[in-house]
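The values are calculated or read from the model by the stated rules, or taken from the named source; none is laboratory data. Keep in mind the model is a prediction, meaning the values are calculated, not measured. Please note: Cβ atoms are built from the backbone with ideal geometry, for glycine as well, and neighbour counts cover all protein chains shown. Please note that ligands, DNA and RNA were not included when accessible areas were found on the heavy atoms of the full protein model with its side chains. Shrake-Rupley method; radii C 1.70, N 1.55, O 1.52, S 1.80 Å.
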Amino acid sequence: MTEIDEMVLRHELRAAADDLGVSREGIDRILASARPPLADDDPPRILSAVRGRPRRQRLLIAVAMVAVVTAITVPLVRGESTPPLTVHAAGLPARAGKTVNGSGYSPTNAGLKFGVAQPNGLVTLSASVAPATAAVTSSAKIESNGQVDLTVRKGGIGPAFTRLTTLAASDGGTVVNSQIQTANAGHGNFAYGTITLQVPQPRFTQLVSQVQRVGRTTSVTTSSVDVTAQYVDLRARITALQAARRQYLAIMAKASSINDILAVQAQLNSLQSRIEQLQGQLNLLDHQTTYANLTVSLTESGHHVAPPKPENGISRAFHRAVHGFVAGFEWLIRASGPALFAVLSLAVLLLLARLAWRALRRRAI
Amino acid sequence: MRTTDDSTSDLRVLEEWLTDSYASSVRTAYLILGNRSDAEDAVQDAYLRAWRFRDALNDRASMKPWLYRVVVNSCYSRLRREIPHRDLRAHHDELATLSDRDDAIGRVTTAFDVHRALADLAPHLRVVVVLRYYADLSERDIAKAIGHPVGTVKSRLSEARRQLARHAALRPTTSVRTPDAREEER
């Protein structure tokens, strides 16, 4: 590509500019402008200290950026490493409870439910804890349910049923349903059955402990769910609808034409239907929180459910490897959020710092 | 706190700067801005600013590029804020102020052509060309003056020379007229 000759260019520029007459007036004007007192015009000491030293300025900007990014990202990263347990442990009242069988934990709407595996491989105890139960008040609505698995001696199913019925009655409750069956397991007949007991909710815990004495307990599962919020909400809706119904009734009393009466009647019918629907839900909830159900499964001894086959070493190692891989991947995804945020923040700060640096540099001179 | 004596002394420093460099600064700004009054205003702003922040100059040896840097920044500032709203090609008043010497018509024509070519260069190219080939700053000093690496200065100079070689206003000059030829013509 052809370039203009440097000598020619130099000559042309001088030819174009050197003849421009420059008078002394400009110098005098500048000197006159520079004469006013200077004390107020001096830049602030801190600013001038920074302006005169680019390295210091850059260092200050870098330190500030690192501090800001650290302040933003560290809490985020820490937040990511916090187990979600703490969040769920303070959960709100739940709509429905779920039971958990087996080892480990599972956060649910009702809080945390734990299951503990016994050394023999059988699940022998499961218990659930509703967070709201810690703050139960006299008006709290708690829905409790449970399941107890018992093993009784051969031929002991009938007496056990009788004893369970007596326990329920003594606690002010009743038997909701019961069922006994006989099966052939190859080594003789055996009986098994299920009985569901219903007792007032405050007696539930006592009933669970009493039932466990009837036979050999192999599993206990209980759940308690605080449905106070749902209960209060239903009541509030019903109250509001009832108020609306009263207003429509007042309108109805003043209505003179057939059309008005029919229109108001249609609204009243709709309101009444809705009120009854909600009232039904409230009654059900009321009943569920007034009474607790405990289902007891009974099996005669000598009949066992085959325990799960223990894993061999290779299988266990494989499962651990898969679990570790998945856990690592989950961690990577979790960490990518704060990391991306940190990178973006740093980029924005660098951009701002660059702009500020340029602006300061221009202003400084 | 500055005393009156200090201020007087500083004013003498400013006067020395102005005596040494004011004319060349105005002409440099004139080539960059293409306009005498803008050039004088830009240089006035630049010197007052430079003098106000004279403490920022640590190395007296860097005085020349530093002053040019202030002038260039002042020119850039005017190019950004004020001059884009005016017609850069309106050099007629300036051309009329050129001294009337021998070959006045030729010189006026040359000045007009150079200004046209410079006006068509992007400001960042125009500045390096003027600093290098009019103000005679080294590439290193230009780098200090514009706050960019020497490599950037070189590439800008090269690009500017290429563009000027293609420019219609200077093409006859580059192909036919050389300094020697012009001397001979005179």
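Figures for the structure shown
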{"quantity": "Exercise: per-residue mean of other protein chain Cβ atoms within 10 Å, B:46-54", "calculated": "4"}
{"quantity": "B:ARG49 - accessible surface, heavy atoms, 1.4 Å probe, Å² rounded to 10", "calculated": "100"}
{"quantity": "Heavy-atom SASA rank of B:HIS115, A:HIS323, A:HIS11, A:HIS287 (probe 1.4 Å, accessible area, largest first)", "calculated": "A:HIS323, A:HIS287, A:HIS11, B:HIS115"}
{"quantity": "FRET efficiency for A:ASN269 and A:THR295, using Cβ-Cβ distance with R0 set to 41 Å, rounded to 0.05", "calculated": "0.50"}
{"quantity": "Peptide B:131-139, shielding by other chains (average Cβ, 10 Å cutoff)", "calculated": "3"}
{"quantity": "Förster radius 22 Å - calculated FRET efficiency between A:SER178 and A:LEU284 (Cβ-Cβ, nearest 0.05)", "calculated": "0.45"}
{"quantity": "Area of A:TRP331 that stays accessible when all protein chains are in place (1.4 Å probe, Å², to 10)", "calculated": "150"}
{"quantity": "Whether segment A:248-351 is rounded, prolate or oblate, judged on the alpha carbon gyration tensor where a/c under 1.5 counts as rounded", "calculated": "oblate"}
{"quantity": "Nearest-10 value in Å² for the accessible area of A:PHE204, using the 1.4 Å probe", "calculated": "10"}
{"quantity": "Efficiency of FRET from Cβ geometry, A:GLU276 and A:ARG213, R₀ 45 Å, rounded to 0.05", "calculated": "0.55"}
{"quantity": "Average beta-carbon neighbours from other chains, 10 Å sphere, peptide A:23-34", "calculated": "6"}
{"quantity": "Residue-count net charge about A:ALA191 - beta-carbon cut-off 9 Å; Lys, Arg +1, Asp, Glu -1", "calculated": "0"}
{"quantity": "Mean Cβ count within 10 Å, highest first, over the residues of peptides A:294-300, B:11-17", "calculated": "A:294-300, B:11-17"}
